[in-house]
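The values are calculated or read from the model by the stated rules, or taken from the named source; none is laboratory data. None of these values were measured; they are calculated from a predicted model. FYI the Cβ positions are ideal-geometry reconstructions off the backbone, even for glycines, and counts take in every protein chain you see. Quick note on the areas: whole protein, heavy atoms, side chains included, nothing else; ligands and nucleic acids left out. Shrake-Rupley method; radii C 1.70, N 1.55, O 1.52, S 1.80 Å.
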Amino acid sequence: MAHLRAISRRRFVQATAASSLAGMGLGRPTRAQSTKPNIVFIMADDLGYADVSCYGQRDYTTPNIDRLAIEGLRFTQGYSNSPDCSATRTALITGRYQARLPVGLEEPISPLSPKDVGLPPSHPTVPSLLKKAGYGTTLVGKWHLGYLPDFSPLKSGYDHFFGVIGCCADYFNHGADARAYQLPIPGLASQLHEQEVPVERQGYMTSLLGDRAVQTVEGYAKSKEPFLLSLHFTAPHWPWEGPDDQAESQRIRSIIHRDGGTQKTYAAMVQSLDVNIGRVLQALDTSGLASNTIVVFTSDNGGERFSNNWPFSGMKQELLEGGIRIPAIVRWPGRIAPGTVSEQVMMTMDWMPTLLAAAGTSPEATYPPDGEDLGPIITGRAAPHPRKLYWRYKAGAQRAMRDGNWKYLRIAGNEFLFDVVQDPRERANLKDREKDVFDRLKRDWETWNGTMLEERSRPATYFHPGNVMADHYGVVNPPPPAPPSSLPKN
């Protein structure tokens, strides 16, 4: 680990001094910290690696996300389990490779998915296990793990839910009319739900979710019970609408919004995300909960068309580094030294065993996690160590494996071997020069794949073909499947 170089020394010293004054000596928990820690898990949607300033963004600033890095730990080699939404969320909530469950094979789950596919209510989850340990549990934001009536956050461990059931939502149109968007998939847009009931609300989606998150923190502060708040923003996922873009919301007819958006609009969306994260951090401070609360900030996958994924190539829905390398920050006062950076390779599914261990509980023995408890790493009790991580994505027949500094990649029938530490942009293909390493990683991937469910039989279209993304020229999709006769309730 090393001190966080991206933040000014002055701000680092201020943050460290503030921690000391609050009685947060590293390794010496205060009286409040001897109780179970609260957990606020913040997940952005389609946020690129360098879309926040503590990871390299220079066109705008994200001071509240930066504050978490100043006061906590920033991973430089954090990965998502998938380059797409619901597959990563399956891994997050179960702590396991998503390909162990049918819902994890949906990339992503959509109105075209089979109606019986979703996260099984019987499967242990982060919220269900924390609930057994005495935690209150709330999800604010995006679910995307199966449609009503068979699947919902309330059926998988959450006491309370406010947000959207499906993959995406307009930022201004939150009611029943949101489902009127027709292309390319009818019913793709979700309306807001309170528990399992559709509700009407006025306002910008990111701010509405921020409002509810603040109210949730204040409510738990009054009840004095330990809590898990999963705050899964829809931002900065398309459609490309900033806080002042309600007219654009009225113009568009397809929520995927191929003909709109700019870097300026995207910046406004990320800055709104940052502002609302700041409101939640302020609520923790005001309520006196900050010193005993673990706060995690991350993204579900790499960035999309307006993101900054530098220094990596690739984007969402690709197993190139840009599609799976993500920001990952954790703050835990008194346990994590402020302003540190870890080069430990980690993955979304690691958060499950890590947070359960911090709460004094563990996964069920019949559902062992594939993720690793990062507690010794984040608290400085262990040094970084090599990991073996695996990926699979059906569109483009993509496969990938990370073993130490080596990465095996197969995409559209082409195979590569990269040293992603020395060559993070994945330019030098070493598969012939290091043939033994290439063969070993490929065999390891095949062995791992044999322990997973087979890929779904249905076609997997690539979301970024050449006719909509100029830099993806030559990528052609087959005709889309016919829509179902009826739509799921989302």
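Ratio of region 402-484's C-alpha Rg to 2.2 N^0.38 Å, to two decimals?
It is 1.38.
Using +1 on the beta carbon of Lys and Arg, -1 on that of Asp and Glu, and nothing else charged, what's the dipole of the chain about the Cα centre, debye to 20?
980
If you roll a 1.4 angstrom probe over the protein chains with everything in place, what fraction of the accessible area of the chain belongs to carbon and sulfur, to the nearest %?
Result for the chain: 53 percent of the exposed heavy-atom area is carbon or sulfur.
Need one word for the chain: rounded, prolate or oblate. Basis is the Cα gyration tensor (sqrt eigenvalues a ≥ b ≥ c); a/c below 1.5 gives rounded, then a/b vs b/c decides.
Taking the square roots of the gyration eigenvalues as a ≥ b ≥ c, the chain is rounded.
Residue separation times 0.36 nm, minus the C-alpha to C-alpha distance between Val275 and Thr361: what's the value?
27.7 nm
Which FRET efficiency value, to the nearest 0.05, is calculated for Asp436 and Glu218 with the Förster distance at 51 angstrom and r the Cβ-Cβ distance?
The pair Asp436/Glu218 has a calculated efficiency of 0.30.
If you take the beta carbon distance between Thr262 and Gln282 as r and set R0 to 35 Å, what does 1/(1 + (r/R0)^6) give as a FRET efficiency, to the nearest 0.05?
0.70
Where only protein heavy atoms count, and the probe is 1.4 Å, what is the accessible area per residue for the chain in Å²?
Roughly 39 Å² per residue, with all protein chains present.
Grab the beta carbon distance between Ala383 and Arg456, set R0 = 60 Å, and tell me the FRET efficiency rounded to 0.05.
For Ala383 and Arg456, the calculated efficiency is 0.90.
Could the peptides 62-74, 375-387 be put in order, highest first, of the mean number of other beta-carbon atoms found within 10 Å of their residues?
Per-residue Cβ counts within 10 Å, averaged per peptide and sorted highest first, yield 62-74, 375-387.
Within 13 Å, Cβ to Cβ, of Ala44, how many net charges do the neighbouring residues add up to if Lys/Arg are +1 and Asp/Glu are -1?
Here the charged neighbours net out to -3.
Calculate the spin-label point distance for Asp150 paired with Ala176, positioning each point 7 Å from the Cα along the beta-carbon direction, and give it in nanometres.
2.5
How do the peptides 441-450, 214-223 rank, highest first, by the average count of neighbouring beta carbon atoms within 10 Å per residue?
Those peptides, ordered most packed to least, come out 214-223, 441-450.
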